[in-house]
Amino acid sequence: MKRKTICSLALTLLMLLSCLCAAYADTGSVTYDGDAQSFVFLPGSEDSPTDLFPDFKGVMPGDRLTQTLRLRNDSDHRVRLYLRSLGSESGSEEFLSQMTLTVQAPTSTLFDAPAHETAQLTDWTELGTIAPGGDLELTVTLNVPLTMGNDFQSDIGYLDWQFKVEELPASPDDPMPPQTG
């Protein structure tokens with residue numbers, strides 16, 4: 001009886017782990033590392049070390065793909081995070097102009113236009129304030145029209161997005177960082 005229970009628990013744990021891996025497979029992340037004063041982009045790909053969209057590969061006409069982009073603050077300060085788009089990189093315009101892209105913040109739509117444009121992200125756009133150790137999620141949806149032809153079947157599109165952070169002074173309302181040692 002104990003053996004069946006242990007096997008059953010192990011199988012359940014394995015299933016939960018596979019679900020957890022699947023949940024993180026469709027998430028890109030941008031993490032602000034305060035110590036290095038830089039951003040870390042994951043997961044990256046063979047196409048680009050800063051690739052945030054692993055699920056936007058091998059798209060087919062009629063696809064509607066959605067992916068979460070998690071923006072994290074690993075610094076000891078509250079930060080205000082900004083995003084702007086410089087549009088598609090040279091050589092990607094014709095391919096990306098076939099598709100539309102929507103970027104949703106928790107309370108608003110930040111971008112809704114053909115994927116190659118800068119649209120509402122031409123200027124620095126405030127995404128929000130993130131506490132130390134906190135995060136903010138954006139939902140990015142790519143729509144590929146049924147009319148998209150086979151001419152683009154091997155193409156890769158590159159968007160140039162830039163992130164900027166403003167460290168804010170400490171506030172009495174800020175959560176205390178975890179104690180070490």
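The values are calculated or read from the model by the stated rules, or taken from the named source; none is laboratory data. Please read these numbers as outputs of a predicted model, since none were measured by experiment. With ideal geometry, Cβ positions are generated from the backbone for all residues, glycine too; neighbour counts draw on all protein chains shown. The area values use the complete protein model at the heavy-atom level, side chains included, leaving out ligands, DNA and RNA. Shrake-Rupley method; radii C 1.70, N 1.55, O 1.52, S 1.80 Å.
State the percentage of accessible surface on the range 105-173 attributable to carbon and sulfur atoms; use a 1.4 Å probe and exclude ligands, DNA and RNA.
45 percent
Find, among the GluC sites (Glu not before Pro) in the range 27-107, those assigned to loop by DSSP (not H, G, I, E, B) with at most 15 other beta-carbon atoms within 10 angstrom. Spell out each step's value before the answer.
Working: sites: GLU46, GLU89, GLU93, GLU94; in loops: GLU46, GLU89.
Of the GluC sites (Glu not before Pro), the ones in loops of the range 27-107 whose Cβ has at most 15 other Cβ atoms within 10 Å are GLU46, GLU89.
Can you work out the accessible area per residue across the range 84-134, with the rest of the protein chains kept in place, probe 1.4 Å, in square angstrom?
48 Å²
Could you give the length gained on full extension between GLN104 and ARG84, defined as 0.36 nm per residue of separation minus the Cα-Cα distance, in nm?
This chain segment gains 5.8 nm when fully extended.
With every protein chain in place, what's the accessible area of THR125 (1.4 Å probe, Å², nearest 10)?
30 Å²
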